[in-house]
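Here's the structure we're looking at; comments come further down.
Taken together, the values in this text are just the output of simple stated rules run on the coordinates, not laboratory data. Fair warning: this is a prediction, and the values are worked out from it, not measured in the lab. Glycine also receives a Cβ, built like all others from the backbone with ideal geometry; neighbour counts cover every protein chain displayed.
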C-alpha cells in the first residue's frame, strides 16, 4: 500500500506529465525519428525536462532518441554535482555528455571595459556572455551528434517574464516560442515545459528530492530577469491569475485595443 507521500508524489507527477504531453501535442514538439538534445544545467527545470523526455522516449510512438548535454563554463563559479547528474540521467535512461567551454578573451575584455562606461553594452553583460557560449556549445554538440532538436527547460513563468522584459526594455510584444526553427542551421528549439508553472515544478522537485546546484550563479540575483520576476510576483498580488492572463494574451491579441495614431 502506498504512503500518503507516495500518493501525493504520483498525483503531482501526473499533473506535470499531462501538461507536458499537452504542450507536445498542441505545438507538435516531438516527431518520429527525432534526436533531441537536452540542455541540462542541473537546475530543477532541466532535471524535470530530462525525466519527462526520458520517460516519454520509452513509449512506442513517436520513436525518438534523447541525449543530455551539461556545459561547464570555466569562468563562471557555479557548479553542479556531476556524479548526481550521471546517476539521474542513468535512472531516466538518457545518455549524458559533458562539455567544457570558456569565454573568448576578446569578448571578456570588451565586457570588462564596458563595465566602466556610463551605459554598458547590452551584449557584454555577464549573463549574455555565459548564455552565448553555453548555447554555442549546445549547437555545436547537436550538429556533431546528429540531433535535429534542442530542448530547453523554460516553463510558463519564463515565457511570461520574457514577455514582460520585451515589453519593458524592447517595446516588443514577444516571448520565447514553444518551437523555433533556426535560420542558419537545421535545428529546432523546443520548450516542452511551456505550459507548466514554476511553482508546480518547485513542489515536485522538493517531493522528488532533486539535488540543488552546489554553487549558484554569482549574478543570479542582480539580473534584469530577477527584477522582472519580482515584478511578476507583485502583479500576482493584484491578480492571482495574472500568469494565465499574460500567457493567454500571447495568442489573443486584439488590435482594436490599440490607440489610433
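When only C-alpha pairs under 8 Å and at least 6 residues apart count, what is the relative contact order of region 22-97, in percent? Let's see the in-between values first.
Values: 91 pairs, mean separation 26.2, N = 76.
It rounds to 34 percent for region 22-97.
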Checklist entry - Based on the alpha-carbon gyration tensor of region 1-62 and its eigenvalue square roots a ≥ b ≥ c, which shape applies: rounded if a/c is under 1.5, prolate if not and a/b is larger than b/c, or oblate? => result prolate
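Applying 1/(1 + (r/R0)^6) with R0 = 22 Å to the Cβ-Cβ distance of residue 168 and residue 238, what FRET efficiency is obtained, to the nearest 0.05?
Working: r = 17 Å, r/R0 = 0.76.
Result of the calculation: an efficiency of 0.85.
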Checklist outcome for this item: Once both label points are put 7 Å beyond Cα along the C-beta direction, the residue 7-residue 251 separation in nm becomes 3.4 nm
Item to check | Kirkwood estimate for region 168-213, i.e. one over the average of 1/r between Cα atoms, Å | outcome: 13.7 Å
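Taking all pairs of distinct Cα atoms, average 1/r, flip it, and tell me the Kirkwood hydrodynamic radius of region 9-108 in Å to one decimal place. The partial results should precede the final answer.
Working: mean 1/r = 0.0668 Å⁻¹.
Computed over Cα pairs of region 9-108, the Kirkwood hydrodynamic radius comes out at 15.0 Å.
Classify region 32-87 as rounded, prolate or oblate from the Cα gyration tensor: take a ≥ b ≥ c as the square roots of its eigenvalues, call it rounded if a/c is under 1.5, otherwise prolate when a/b beats b/c and oblate if not.
Details: a/c = 3.15, a/b = 2.25, b/c = 1.40.
Verdict is prolate for region 32-87.
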Item to check | Label-point gap, in nm, between residue 86 and residue 18 - each point 7 angstrom along Cα→Cβ | outcome: 3.9 nm
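Please give the contour-minus-distance gain from residue 25 to residue 183: 0.36 nm per residue of separation, less the Cα-Cα distance, rounded to one decimal in nm. The partial results should precede the final answer.
On the way: separation 158, 0.36 × 158 = 56.88 nm, distance 2.37 nm.
54.5 nm is the gain from fully extending residue 25 to residue 183.
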Checklist outcome for this item: Check: C-alpha center region 174-201 vs C-alpha center region 159-173, spacing in Å is 16 Å
